[in-house]
Amino acid sequence: MKKKHLLTLVPLLALGFLLSACGSAVAAGSWPGISYDDARGLVYVANNQAVHALQVENGLERWQFPAEPQGGFTTHATPELTEDGQLLIGGYDNILYSLNPDSGAQNWTFTGASNRYIGSPLAVAGIIFAPNADQRLYVLEHTGSLLRTFTTKDPQWSQPAGDGSTVYLAAMDEVLYAMDAQSGEELWSLQLDGTMVGSPVLGADGILYVGTFDQSVVAIDTATHRELWRFATQGWVWGSPALIEDQLYLGDLDGFFYALDAASGEELWRLDTGGAITGTPALYNENLIIGNEAGRLFSISLDGRSRELPLPEAYQGPLYGSPVVAGEFLLIGLTGNESALIALDADNTVVWNFIP
Amino acid sequence: MLDFIIVPFTNALVFIYSLLGENFGLAIIVFTILVRVVTYPFTAQQMKSAKAMQELQTNPKWKAMQQKYKGKENREKLAAEQMKLYKELGINPLSGCLPSLIQLPLLLAMYWAITRALAATPLQLLDLAQGISLGNAAHLIPLNSQFLWMDLGQPERLFIPGIPIGIPVLAILVMITSYFQSKMTTPSTSNDQSAQMGRMMTLYMPLLMAYISYIYAAGLALYFVVGNLLSIAQYYIMRRPKAERPATPAAPVTK
């Protein structure tokens, strides 16, 4: 090639490279989605270009889907195991996959969506409810056939909640929807004045709890479809609350972690963790475990006494996802680290780590 | 790295979006105009430089010099004399390149501001939530990315019934407008190496910009099209002969 062509092409290729670098950063746009299958002793990790099934006792990989990286396939939504033994994976390639959890073999795919699956699907009574960023909830048979869609004004990023007869969807259009699980018919809806990306949590007494970007947590009585109480947080609420023994535990993007009385919404205590909280706390050995964006992991007793669980230097990085309890271990997803996942024991020792 | 530009860009975009009836396409257009107004002194300098280089081609001294130092063996001597003439006429050959370099960080910042504002992934939304300082941001998010037939957060394609593939209208517009914009601002008719490089840029740049527009978010392509159209309009305005100005070509340009 002539020198003058080279002199022109080099800066242009540099520009292309810079923008390509931007593009790849966009593709890896979330943190690992982790779920645990107690019956099989497997941990499922959705992380960038693959879903991995790991043996919980030692972290060894049982299978990976796809077996070889495929262009366009990226996933971060927490894998959802259905009662009839399917592992549902929502992809950034706009496809919902059903896998065999034992082998990772593909059962079926649903390709009807036109945007990403950010939130996990919910499987209730043989019906799959898959929220998508294209503003539609895809209601599918367990075979992957489309039954119907339910459209909202803005994207749907959070996993719906359900009690077998009713499905509750918190959408980014600030509305909470209740629909019949069988017919898909909308039963009622409630304007909550705040974008929602975290899943609602349904209590045994029919009270639904959800956090919003309007710096609040709202309790809704599903029998009367009315707000019971609203608690003002310091920052936007991203993750789902955890409901444990009539108390609600949640964090916000300003780094505060709260304990509320679930019946009244009264604040019991709060803790400043010093970094944005996007996950949902897990209960491990009678303590709440939560991580934050600053890479700090906390163990907090139910009455608010906290201690930091230091992580080894090799496993530093933002802790965006929710901790997951898997048998005797605590699983922590890592972002911006060579390892996607570590398993801690009760002594806070790293038992194994997983490098994809 | 560019957060000091990206964060204010993102806030400005979202603020304009809130003023314009939550229309992100209009917000990009208005924001592009504002960026062009702010960077006008640099662009004007670039255009003046390009014009001066063009006018140099008709300069009798330059023509005599080319005649005198013909042939490959005199190339270095010609280059040295050319630099002397630049100095004499007050032309800075680099003044045409520097404004282009300023455009690069602006382009990258714009790309990031658009993707961050539209927040298609959790990490982007988290970035937006933590970088936005508008009071009503919680109610503006998620931003409406629909504009005409486009989703500004996705690569643009126009699907017409009967045609099995989507037509990348914006990428085509980017290629056409980039070609005209590049051709207008690149000095023509010279045999020196820099002018030849300029001609190569005129050829390759539209292709690269079209490719970028084809694969990245339509919001960026919209920014390219509006920016190119503004440059073309600016060029025509600056090229319009002024009544009080003598019609003599080769007027020297001051630094």
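The values are calculated or read from the model by the stated rules, or taken from the named source; none is laboratory data. Everything numeric in this text was worked out from a predicted model, so none of it was measured. Cβ atoms come from the backbone with ideal geometry, glycine included; neighbour counts cover every protein chain shown.
Quick look at the numbers
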{"read-out": "Members of segment A:307-333 found to be within 14 Å of another protein chain (Cβ to nearest Cβ) and in contact (Cβ under 8 Å) with a residue 40 or more places away in the chain, listed by number", "value": "A:PRO318, A:LEU319, A:TYR320, A:GLY321, A:SER322, A:GLY333"}
{"read-out": "Candidate set: segment A:199-215, residues that are buried (at least 21 other Cβ atoms within 10 Å of the Cβ) and within 14 Å of chain B (Cβ to nearest Cβ); chosen: the one farthest from A:PRO160 (Cα to Cα)", "value": "A:PHE213"}
{"read-out": "Residue in segment B:113-121 that is surrounded by 21 or more Cβ atoms within 10 Å (Cβ to Cβ) and without any contact (Cβ under 8 Å) to a residue 12 or more places away in the chain present", "value": "yes"}
{"read-out": "Complete set of residues in segment A:231-257 that are more than 14 Å from every other protein chain (Cβ to nearest Cβ) and not in a loop (DSSP other than H, G, I, E, B)", "value": "A:PHE231, A:ALA242, A:LEU243, A:ILE244, A:GLN247, A:LEU248, A:TYR249, A:LEU250, A:PHE256, A:PHE257"}
{"read-out": "Residues being closer than 27 Å to A:SER199 by Cα and assigned to a loop (DSSP other than H, G, I, E, B) - total across segment A:62-114", "value": "24"}
{"read-out": "Count of segment A:268-300 residues which are more than 25 Å from A:GLY336 (Cα to Cα) and outside any strand (DSSP E or B)", "value": "2"}
{"read-out": "Any hit, segment A:297-315, residues being in contact with a Gly (Cβ under 6 Å, 6 or more places away or on another chain), small (Gly, Ala, Ser) and surrounded by fewer than 15 Cβ atoms within 10 Å (Cβ to Cβ)", "value": "no"}
{"read-out": "Tally, over segment A:74-98, of residues that are closer than 14 Å to A:THR143 by Cβ and of a type outside the set (Val, Ile, Thr)", "value": "7"}
{"read-out": "In segment A:277-293, the residues that are under 19 Å from the mean Cα position of the chain (by Cα) and surrounded by fewer than 22 Cβ atoms within 10 Å (Cβ to Cβ)", "value": "A:ALA282, A:LEU283, A:TYR284, A:GLU293"}
{"read-out": "Evaluation of A:ALA46 against (1) under 24 Å from A:GLU141 (Cα atoms); (2) small (Gly, Ala, Ser); (3) surrounded by fewer than 23 Cβ atoms within 10 Å (Cβ to Cβ) (one fails), failing number", "value": "(3)"}
{"read-out": "Some residue of segment A:100-112 being without any contact (Cβ under 8 Å) to a residue 24 or more places away in the chain, among the charged types (D, E, K, R) and surrounded by fewer than 21 Cβ atoms within 10 Å (Cβ to Cβ)", "value": "no"}
{"read-out": "Residue within segment A:141-153 that is within 14 Å of chain B (Cβ to nearest Cβ), of a type in the set (D, E, K, R) and surrounded by 17 or more Cβ atoms within 10 Å (Cβ to Cβ) present", "value": "no"}
{"read-out": "Some residue of segment B:141-163 being basic (Lys, Arg) and surrounded by fewer than 21 Cβ atoms within 10 Å (Cβ to Cβ)", "value": "yes"}
{"read-out": "Residue in segment A:205-219 that is aliphatic (A, V, I, L, M) and under 21 Å from B:SER133 (Cα atoms) present", "value": "no"}
{"read-out": "Segment A:18-76 - residue that is of a type in the set (Ser, Thr, Tyr) and modelled with pLDDT under 95 and, of those, nearest to A:ILE332 (Cα to Cα)", "value": "A:SER30"}
{"read-out": "Odd one out for B:LEU26 among (1) under 19 Å from B:ALA119 (Cα atoms); (2) without any contact (Cβ under 8 Å) to a residue 60 or more places away in the chain", "value": "(2)"}
{"read-out": "Number of positions in segment B:131-170 that are farther than 18 Å from B:ALA120 by Cβ and within 14 Å of another protein chain (Cβ to nearest Cβ)", "value": "9"}
{"read-out": "Selection status of A:ASP254, without any contact (Cβ under 8 Å) to a residue 40 or more places away in the chain and over 22 Å from the mean Cα position of the chain (by Cα)", "value": "no"}
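So that you can scan it fast, the table gives a plain yes or no per residue for (1) buried (at least 17 other Cβ atoms within 10 Å of the Cβ); (2) free of Cβ contacts under 8 Å to residues at least 40 places away in the same chain; (3) out of contact with any helix residue (DSSP H, G or I) (no Cβ under 6 Å at 6 or more places or on another chain); (4) not in a helix (DSSP H, G or I):
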site	(1), (2), (3), (4)
B:GLN46	yes, no, no, no
B:TRP62	yes, yes, no, no
B:MET83	no, yes, yes, no
B:ILE91	yes, no, no, yes
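So that you can scan it fast, the table gives a plain yes or no per residue for (1) in contact with a Pro (Cβ under 7 Å, 6 or more places away or on another chain); (2) within 23 Å of B:LEU125 (Cα to Cα); (3) not basic (Lys, Arg):
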site	(1), (2), (3)
A:LEU190	no, no, yes
A:VAL197	no, yes, yes
A:VAL210	yes, yes, yes
A:ASP221	no, no, yes
A:ALA232	no, yes, yes
A:ASP252	no, yes, yes
